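Notes follow once the structure below has been shown.
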Amino acid sequence: MKKKDCQNLPALIENNFKTLEEYLNYLHQLYLDDFSNQTTYYNGKPIKTAKSLSYNLRETTFEHLVTEEYKGKRIYDDERCKRIKWIKHIIDNCTSSHCPYLRCFREKKNRVIMWCTRVDYVIVLDDRKNHYFLVTAYCVKYENKRRELQKKANSYTHKNRSRPHF
């Protein structure tokens, strides 16, 4: 049986489509399969996504997963697009107790950061009363962001040594 963790992530989804629109439609269907057509759980609570539609008639959460902000606008990020299947895989299969590469920590009161250091990939969840809300996911591209994540993860670990790991 193949081990399921961040060492066995789904293959990157390359853009081999004729148009960007075809590629985005394909990615959108994968997103729906993972987060709308079935329920994904983290720590026993369901993960919800924004159902409101953006300007291009796709869910706001989907847009945050495949775009990045640039000068106040959202632009498609090829690296985010390629990794759309990683989100559910990491949530379902990687826990900080059994995956040496996963750093989970809280930012602010309710923000959960899941950082797979092996591939520098971050998933951001908002911890709500009865569910988690999928905020975004992205590749760590810059060294200063990597240092910031490391500092926050170390600080959280240091402050919460006696607490159970989530």
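The values are calculated or read from the model by the stated rules, or taken from the named source; none is laboratory data. What you see is a predicted model, and the numbers here were worked out from it, not measured in a lab. Glycine gets a Cβ as well: all are built from the backbone with ideal geometry, and neighbour counts include every protein chain shown.
Scanning the stretch 109-124 for residues that are of a type outside the set (Asp, Glu), more than 8 Å from the chain's Cα centre (by Cα) and either within 13 Å of Ile90 (Cβ to Cβ) or buried (at least 18 other Cβ atoms within 10 Å of the Cβ) (or both) yields Val112, Ile113, Trp115, Cys116, Thr117, Arg118, Val119. Among the criteria (1) closer than 21 Å to Gln7 by Cβ; (2) at pLDDT below 90, the one Arg106 does not fulfil is (1).
Taking the criterion of being touching a Phe, Trp or Tyr at 6+ places or on another chain (Cβ under 7 Å), under 28 Å from Ser52 (Cβ atoms) and not aliphatic (A, V, I, L, M), the residues of the stretch 116-154 that qualify are Tyr121, Asp126, Tyr132, Cys139. Among the residues of the stretch 134-143, is there at least one that is surrounded by fewer than 16 Cβ atoms within 10 Å (Cβ to Cβ) and touching a residue at least 24 places away in the same chain (Cβ under 8 Å)? Checked the stretch 134-143: at least one residue is surrounded by fewer than 16 Cβ atoms within 10 Å (Cβ to Cβ) and touching a residue at least 24 places away in the same chain (Cβ under 8 Å). Flag not set for Thr61, criterion: surrounded by fewer than 19 Cβ atoms within 10 Å (Cβ to Cβ) and among the β-branched types (Val, Ile, Thr). Evaluating Gln150 against the criteria (1) in a strand (DSSP E or B); (2) out of contact with any strand residue (DSSP E or B) (no Cβ under 7 Å at 6 or more places or on another chain) leaves one unmet condition, (1). Restricting attention to the stretch 50-88, the residues that are farther than 19 Å from Val140 by Cβ and either under 12 Å from the mean Cα position of the chain (by Cα) or small (Gly, Ala, Ser) (or both) total 7. The residues of the stretch 58-107 that are within 30 Å of Asn154 (Cβ to Cβ) and of a type in the set (Asp, Glu), listed by number, are Glu68, Glu69, Asp77, Glu79, Asp92, Glu107. Looking only at the stretch 10-41, residues that are loosely packed, with under 12 Cβ neighbours inside 10 Å and touching a helix residue (DSSP H, G or I) at 6+ places or on another chain (Cβ under 7 Å) come to 1 in all.
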